[in-house]
1. Which one of these is acidic (Asp, Glu) and either over 21 Å from Phe352 (Cβ atoms) or modelled with pLDDT of 95 or more (or both): Asp456, Asp399?
2. Can you tell me how many residues within the stretch 358-385 are closer than 23 Å to Glu342 by Cβ, open to solvent by less than 90 Å² (accessible area, probe 1.4 Å) and of a type outside the set (A, V, I, L, M)?
3. Could you please let me know if Gly477 is buried (at least 22 other Cβ atoms within 10 Å of the Cβ) and closer than 21 Å to Phe352 by Cβ?
4. Would you check which residues across the stretch 176-197 are hydrophobic (A, V, I, L, M, F, W, C) and under 24 Å from Tyr269 (Cα atoms) and list them?
5. May I ask you to verify whether Glu485 is more than 24 Å from the chain's Cα centre (by Cα), of a type in the set (D, E, K, R), under 26 Å from Leu370 (Cβ atoms) and open to solvent by less than 30 Å² (accessible area, probe 1.4 Å)?
6. Restricting to the stretch 36-71, and then to whatever is buried (at least 16 other Cβ atoms within 10 Å of the Cβ), under 32 Å from the mean Cα position of the chain (by Cα) and part of a helix (DSSP H, G or I), can you tell me which residue is modelled with the lowest pLDDT?
7. What pairs come up if the first residue lies in the stretch 101-117 and is at pLDDT 80 or above and of a type outside the set (D, E, K, R), the second is open to solvent by 60 Å² or more (accessible area, probe 1.4 Å) and in a loop (DSSP other than H, G, I, E, B), and their beta carbons are under 8 Å apart, counting only those six or more places apart or on different chains?
8. For the stretch 515-524, check the following and say yes or no: at least one residue is over 30 Å from Tyr367 (Cβ atoms), part of a helix (DSSP H, G or I), out of contact with any Pro (no Cβ under 8 Å at 6 or more places or on another chain) and open to solvent by less than 20 Å² (accessible area, probe 1.4 Å).
Amino acid sequence: MGFIIWLHLVSAALSSLIVSTILVVTQCRHSFRSIRQAFISHVKERNKASSANADSHRRTFQEEEGTFVIGFFHPHCGGGGGGERVLWKAIQALGELKEDAIQGTGNFRGDLRHVAQVRRNCRNLAVVVYTIDEPKETYERDIMKQLQDRFSITISSSLEVHFVHLHDQKHFLNKSKRLTMIAESWGTIRLAWCALNEITPHVFLDTTGCAFTYIVAKLLAGCKVGAYVHYPTISTDMLSLVWERRPTYNNKSEISSSPVVTYVKLMYYSVFAIFYGLVGSLADLVMVNSSWTKGHIQYLWRFARDVHVVFPPVDTESLVRLSLTDPPRENLILSIGQFRPEKDHELQLKAFALLIVMHDGEMKKSYPKLILVGSCRNEDDRERVDQLHKLARELKIEDSVKFVLNQPYSVLKDYLSRASVGIHTMWNEHFGIGVVEMMAAGLVTVAHNSGGPRSDIIQSVWDFKDFANNTGKIPTGCLAGTAEEYAHAIYEIIKRGDTSREVTEIRCCARRSAKRFSDQVFMKSFKETTLLSPLLK
């Protein structure tokens, strides 16, 4: 009898919880719907007031149709990295879709009912970008100029771009020293809640890999959700690394040396991976930047729709125009990447030190120099650079190593036009934009034998033996994993000389291969994938 009473109590409690949850979600959706409608009405009234002086084909909406809002969650939208290039190229692509819809052109495929709806939504597109940048009167003008200067991107004048500044909430994204993934995920949830309470879009497009924001966007706000994933927050490789007790930048030696702590961390990672997979599966459209990322996302986001590989945009068009012979390339070994721990710049210094002393110091006669070009985001990065300077002194290579910090793209392009060898050392780099840039600029690139560089970028590897290997393909670069392998690869490249037939053919082949990742390829792929997805329907 007591068991039956207990069962009834549990049943009543569960029923009450389910009803309460439904009521909360319903109330949230009603509130967010009201916020969206208020924004649409604001845009409509503003555009009506200015429509008298605007050509009818330049209006950003049709009065009887309203405005279709796509919101991009990208807190650091003013940055100058590869992620920001993806963001603004995606917005540029949406601007082109809008132009096509207004002019009645473009390839809108599908059944007639969906085509009409997609065309109507594209015709009435407006974009919102959620950012933690500080608001100021000239912000929009400044960022559009930055896009032009840094990325050569111009957004269609017919596409309205609005900014929601969450500067007062930027502390939500502060790093935590304990339970980092949970703390950061909770911070993104709070930031997304604040963002959508300002402007609620029809489509929430996350371009930063913050999957836990989908709880707010999909479940509470009722938005359709799209994701462009640069790298998984957690991966099976990370789980393997903890299981094997290998010390790295995110698995400190005091953890890896203890079986008990390792087991606890493995349980933490496993539970987080389960929840990460569940929230990621809420996305209506999933795009990833490489085959490597696709494999991990498909494994983790088990219930997600099809995962599409859309390679990130790289400015290959201007880089392939750099001359290979005029002026002649110097014996510069170029590294491109932010000074983050996972980039493993220490390995580059150790490999260069080995290069200098190998074969009785033969390379000293060629006067090679290692140039590390990258940005420092914060004080941690600056301290990391100081440690790298210290390591260079300990290795006695400080006179042959140069750090180029926080310089404009023109400086990087100058080094790309002068260097002969590129080096990349990040383990399991999700894609490797820097690798593509070096290949397009004509550098013989030695990349890490893992992640995107191995799966997608350097598809034919130079082994320094048979130039035309068994497949008959001309190599497009080299892969390495240890300091010894990097040093050996760079030695073989420099030894052959800048004008040798082998080096010249590899450079030309690498350039052709790099065109697979051009801006034009990204724009075409992004538009096709978006149009065929549920997002615009």
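The values are calculated or read from the model by the stated rules, or taken from the named source; none is laboratory data. Given the structure is predicted, the values throughout are model-derived calculations rather than measurements. Note that each Cβ is placed from the backbone with ideal geometry, even for glycine, and that neighbours are counted across all protein chains shown. Areas reflect the complete protein model, heavy atoms only, side chains present, ligands, DNA and RNA absent. Shrake-Rupley method; radii C 1.70, N 1.55, O 1.52, S 1.80 Å.
1. On the way: Asp399 fails: either over 21 Å from Phe352 (Cβ atoms) or modelled with pLDDT of 95 or more (or both).
Asp456 is the lone residue from the list that is acidic (Asp, Glu) and either over 21 Å from Phe352 (Cβ atoms) or modelled with pLDDT of 95 or more (or both).
2. First, the residues of the stretch 358-385 that are closer than 23 Å to Glu342 by Cβ: 370-385.
Going one step further and asking which of them are open to solvent by less than 90 Å² (accessible area, probe 1.4 Å), we end up with 370-376, 378, 381, 384-385.
With the extra rule that they be of a type outside the set (A, V, I, L, M), the set shrinks to 374-376, 378, 381, 384.
Summing the residues that are closer than 23 Å to Glu342 by Cβ, open to solvent by less than 90 Å² (accessible area, probe 1.4 Å) and of a type outside the set (A, V, I, L, M) in the stretch 358-385 gives 6.
3. On the way: buried (at least 22 other Cβ atoms within 10 Å of the Cβ): yes; closer than 21 Å to Phe352 by Cβ: yes.
When the stated conditions are applied, Gly477 passes them.
4. Of the stretch 176-197, the ones hydrophobic (A, V, I, L, M, F, W, C) are 179, 181-183, 186, 189, 191-196.
Within the stretch 176-197, Leu179, Met181, Ile182, Ala183, Trp186, Ile189, Leu191, Ala192 meet the criteria.
5. Details: more than 24 Å from the chain's Cα centre (by Cα): yes; of a type in the set (D, E, K, R): yes; under 26 Å from Leu370 (Cβ atoms): yes; open to solvent by less than 30 Å² (accessible area, probe 1.4 Å): no.
When the stated conditions are applied, Glu485 does not pass them.
6. This residue is Val43.
7. Hits for this filter: Val115/Arg109; Gln117/Lys537.
8. No, every residue in the stretch 515-524 fails to be over 30 Å from Tyr367 (Cβ atoms), part of a helix (DSSP H, G or I), out of contact with any Pro (no Cβ under 8 Å at 6 or more places or on another chain) and open to solvent by less than 20 Å² (accessible area, probe 1.4 Å).
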